[in-house]
Amino acid sequence: MIYEGKKKIWAEYQKEIPEDHYFYVRSCIRQSFFPASEATFLDITRNKLGKDIFETEHHTTCGGIAYHSDAIPQETAMTIIARQFALMKKYGYENYVCSCITSFGLYCETLETWREFPELQQKIAENLWKTCHLEFAKPKFLVHASDLIFKYRMQIAAKSKYKLVNKNTGEPLRVVEHIGCHYSKMFPSKGVGGAEYPYVLVGMIEAWGGQIVDYPERRHCCGFGFRQYFIKSNRGYSLANTHKKFESMEPFKPDMIITNCPGCPYFLDRWQYVIAETEGKTYGQDGHGIPVFTYEEVAGLVMGYDPWDLGLQTHQVSVEPLLDKIGIPYDPAKKYLGKNGKNLGQPEKPHCLK
Amino acid sequence: MIDFGFSVNPSSRINLDAADGEKFHRLAALEPDALKCMACGSCSASCSAAAFEDTSLRRALLSLQNGLSDDAAKLLSHCMLCGKCTMVCPRGINTRHLILSILKIYSL
């Protein structure tokens, strides 16, 4: 009886994720921040795992970045989203997977709004027809790309070349997981594990051999928050959020951070540089920072991709100490070479952060 | 060090374990009205001194409860004891007397 009750309660924290056949939409900012993450996602799912992930060049931003910055109203964002969904239907798909957490949150918000206000849905469908001559559709399943990697985590583990283990000590690496706020804090039922026990990244870390770091500010926002960052005078507030998280995780000596949001890895990575240059404080070992990764980058690392092909040279915090810890080989001479072999140019060294 | 034009905002975290609550307990024993305040802000809105200086009994009481007596001192330092706040308090608190007791107990 008690077991049945627990099962029922826990069912609310589960999420149905179809195995295959997805319409994929990219993020508008991730390709600048973490240039190889989305390409790695497509390569792993399509070529390594043999899944059907379709992408079209006709899709656009979801409008979330403008919506959350108060630049466009909700109905405009909804019409953009309706166009994305219509493209999915046009190409014969029912399952929708998006790369961005903010997009995911906005899609959930839009679908929920349409469910609650059918007359608004009707209006958006009319807007869509008037502007694009596309037929209105809604996805049968909406998932975030990290949900899919979570779903495939054991398949990835089976094909892995490396584990999240310190090769010298044999100990699992201490990994901080950071979930984007828009993943499940707005609509807990839409995320794996809900808002209270988000399991999406924890599942990956456990499957790939790492150990979770549970620290007091684990669920605190990274500080991006759009408006907090876009206006320079508010950036101290954005920075304070990241600072609070790092102060909280520091005593647990994490080896790395893994995230599933476009903004979080960017801010957790770049703000370490700003904190080092303004406060003189670094959080990793020997003056280094704590390297921050997207889940695709970590999946790529355990599967044996070349770190430079994963775009790890674009990170602010150097990743080499972690690669050495795991035992992943890399060629320092190729760090700043582009895909075509040409030198991309070397960034200036920070004063404090190694 | 680089000047980016912004820096880490100071934390507003309050450590109640580190705060000395003994004086507030003494205040509450002497002036039970200190616990009756519902922070409506009528006192601050009607305060003559607040028009010119950062003065607020409402915020001062909150600061005292959080152990921040220095902040409270600043917020009460320009009080002229005119008693207008007593007249507008919806909870009937003798705010003038309360302020005097705060100044006495906290030696402000």
Q | A:Glu320 vs. criteria within 18 Å of the chain's Cα centre (by Cα) and away from chain B (no Cβ under 14 Å) | A | no
Q.
Filter region A:52-81 down to the residues that are charged (D, E, K, R) and touching a residue at least 40 places away in the same chain (Cβ under 8 Å) and list them by number.
A. A:Asp70, A:Glu75
Q: Taking A:Lys161 as the residue in question, decide whether it is surrounded by fewer than 18 Cβ atoms within 10 Å (Cβ to Cβ) and within 16 Å of A:Ala299 (Cβ to Cβ).
A: yes
**Q.** Filter result for the condition that a residue is in contact (Cβ under 8 Å) with a residue 24 or more places away in the chain and either in a strand (DSSP E or B) or more than 26 Å from A:Ser103 (Cα to Cα) (or both), over A:Val192, A:Val176, A:Val202
**A.** A:Val176
Q) Residues in region B:85-100: is at least one within 11 Å of the chain's Cα centre (by Cα) and basic (Lys, Arg)? A) no
Q: Could you please give the count of residues in region A:315-345 that are at pLDDT 90 or above and either crowded, with 16+ Cβ neighbours inside 10 Å or of a type in the set (Lys, Arg) (or both)?
A: 16
Q.
Just checking, does region A:283-306 include any residue being more than 14 Å from A:Ala39 (Cα to Cα), within 14 Å of another protein chain (Cβ to nearest Cβ) and either modelled with pLDDT under 95 or crowded, with 18+ Cβ neighbours inside 10 Å (or both)?
A. yes
(Q) So, in region A:185-232, how many residues would count as being in contact with a Leu (Cβ under 7 Å, 6 or more places away or on another chain) and at positive phi? (A) 2
(Q) Can you confirm whether A:Glu206 is within 14 Å of chain B (Cβ to nearest Cβ) and either over 28 Å from A:Lys281 (Cα atoms) or not aliphatic (A, V, I, L, M) (or both)? (A) no
Q) Filtering region A:11-22 down to residues that are out of contact with any Lys or Arg (no Cβ under 9 Å at 6 or more places or on another chain) and touching a residue at least 60 places away in the same chain (Cβ under 8 Å), which residue is surrounded by the fewest Cβ atoms within 10 Å (Cβ to Cβ)? A) A:Glu16
Q) So which of A:Leu128, A:Leu120, A:Leu134, A:Leu106 is over 27 Å from A:Ala39 (Cα atoms), crowded, with 20+ Cβ neighbours inside 10 Å and either touching a residue at least 12 places away in the same chain (Cβ under 8 Å) or assigned by TED's automatic domain parsing to the domain that holds A:Asp20 (or both)? A) A:Leu128
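How many residues does region A:81-102 contain that are farther than 13 Å from A:His59 by Cα, not aromatic (Phe, Trp, Tyr) and not in a strand (DSSP E or B)?
5
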Q) Does A:Glu277 count as of a type outside the set (A, V, I, L, M), within 14 Å of another protein chain (Cβ to nearest Cβ), touching a His at 6+ places or on another chain (Cβ under 8 Å) and farther than 28 Å from A:Trp208 by Cβ? A) yes
Q) Does B:Arg13 count as loosely packed, with under 15 Cβ neighbours inside 10 Å and at pLDDT 90 or above? A) no
Q | Unmet requirement for A:Asp20, which otherwise passes all of (1) at pLDDT below 95; (2) farther than 23 Å from A:Gly191 by Cβ; (3) acidic (Asp, Glu) | A | (2)
Q. Taking region B:46-68 on its own, how many of its residues are out of contact with any Ser or Thr (no Cβ under 7 Å at 6 or more places or on another chain) and either touching a residue at least 24 places away in the same chain (Cβ under 8 Å) or over 17 Å from B:Leu98 (Cα atoms) (or both)?
A. 14
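The values are calculated or read from the model by the stated rules, or taken from the named source; none is laboratory data. What you see is a predicted model; the values in this text were computed from it and never measured. When we count neighbours, we look across all protein chains shown, and the Cβ atoms used for this are built from the backbone with ideal geometry, even at glycine.
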